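The values are calculated or read from the model by the stated rules, or taken from the named source; none is laboratory data. All values derive from a computational prediction rather than experimental measurement. Because the Cβ atoms are built from the backbone with ideal geometry, glycine has one as well, and the counts that use them run over all protein chains shown. Ligands, DNA and RNA are excluded from the accessible area calculation, which covers all protein heavy atoms including side chains. Shrake-Rupley method; radii C 1.70, N 1.55, O 1.52, S 1.80 Å.
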Amino acid sequence: MTTTTTAGSARAGRTELAAVLLSAALLGAATPAMAQAAEPPEQLQTLAEQAVAPVQAAEQQVDELATAPQADEEEAAQDQVAAPASAASAAAPEAGASAAEPAAAGQAGAAAAAAQEAPTPGPRVRNRLDPWEGWNRKVFNFNEKLDENLLRPVATAYSDLVPQPARQAVDNFFGNFSDAWSAVNLFLQGRFKNGATQTMRVAVNSVFGIAGLIDIATPAGLEKTSEDLGRTLGYWGVKTGPYIVWPLLGPSSLRDSVTLPANIYYSPAYLFDDGEYKFAISALQLINTRANLLRVTDMLDGIALDKYTFVRDAYLQRRTIKTHKEQEEDDDYEVITPDEKPVNPQGDR
């Protein structure tokens, strides 16, 4: 209310001042006109123009004085409105900065704590039995591609076209040769009793089983014992050695790789001198073996997270054999398991 009364009084004072100035201008303009009333008409027009000019100037001053208070009031009002806004805007960055500083400090502290708690990645542990894992995985992937594009389709077609009895006869034929090579290795290991049993098995199947096409020895009680030259070396103390994957041949080890040529040589293809027959028999053996593993590989593809690791561990476990000394130490300890429960002495009384 005080500000409004002061502005009104100032406006009234300025209006009165403008009126006084206008009156003075009119009187100043009228005085020369009255003094020169007798002059000719040409000079009257000039005098009129001279008299009007001060009047127009006075009117312009009056307008300026009238509009000046309004402009001053608008500027004052704008200043009053802008002052709190500027103060708020000035305080906002300070508040934002003050609020952002603890947040940034908290984030930095959390990041530092997480960096301290996170374990540092250690070096990759290399498998002692698989020092050439990088190369072995490449060969394994190559064999997998070859099996996927060639061997598996052929083995699937073979399994679909050839009846089960015929495939079983082929499997028995190749198994009979494997039994003969196992008998040789059992004798090399000094296990003569097992070697004689295996020799008897081969003889029965070869004579009565039509060259091994029919397995008669198994129902007769002559169990199969599979051995090869690599396991014979292991029996006499030769370590398995590093794991190796060969192209086309698949998983092996350093010890088994040394004996691989002998194991391949003594195969059913050994009976034939002609190269075409050798190739045909070897191809039939490979396809028949792959057909027997179709279900196993399908199951392996479904359950194994890392197929390479699964195959490697299974192969090394299967190729592990107790040496001659280890078997002698095991024979020194005999575990007796009574068929009958011990008699209670108190029960007899």
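To keep it simple, each residue is scored yes or no on (1) open to solvent by less than 60 Å² (accessible area, probe 1.4 Å); (2) without any contact (Cβ under 8 Å) to a residue 40 or more places away in the chain; (3) not small (Gly, Ala, Ser).
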site: Thr197; (1), (2), (3): yes, yes, yes
site: Val204; (1), (2), (3): yes, yes, yes
site: Lys224; (1), (2), (3): no, no, yes
site: Glu227; (1), (2), (3): yes, no, yes
site: Arg231; (1), (2), (3): yes, no, yes
site: Trp236; (1), (2), (3): no, no, yes
* What is the one condition in (1) more than 25 Å from Thr197 (Cβ to Cβ); (2) surrounded by fewer than 16 Cβ atoms within 10 Å (Cβ to Cβ); (3) not aromatic (Phe, Trp, Tyr) that Thr240 does not satisfy? -> (2)
* Just give me the residues in segment 323-347 being at pLDDT 50 or above and open to solvent by less than 100 Å² (accessible area, probe 1.4 Å), in sequence order. => Thr323, His324, Glu326, Gln327, Glu328, Asp330, Asn344
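Filter segment 179-195 down to residues that are open to solvent by less than 50 Å² (accessible area, probe 1.4 Å) and at negative phi, then give me how many there are. I'd like the intermediate steps shown before the answer.
Within segment 179-195, the subset open to solvent by less than 50 Å² (accessible area, probe 1.4 Å) is 179-183, 185-186, 189-190, 195.
Next cut, at negative phi only: 179-183, 185-186, 189, 195.
Qualifying residue count, segment 179-195: 9.
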* Output the residues belonging to segment 260-274 that are open to solvent by 70 Å² or more (accessible area, probe 1.4 Å) and under 17 Å from Phe174 (Cβ atoms). => Ile264, Tyr265, Tyr266, Tyr270, Leu271, Phe272
* Go through segment 275-322 and count every residue that is open to solvent by 30 Å² or more (accessible area, probe 1.4 Å) and in contact with a Phe, Trp or Tyr (Cβ under 6 Å, 6 or more places away or on another chain). => 3
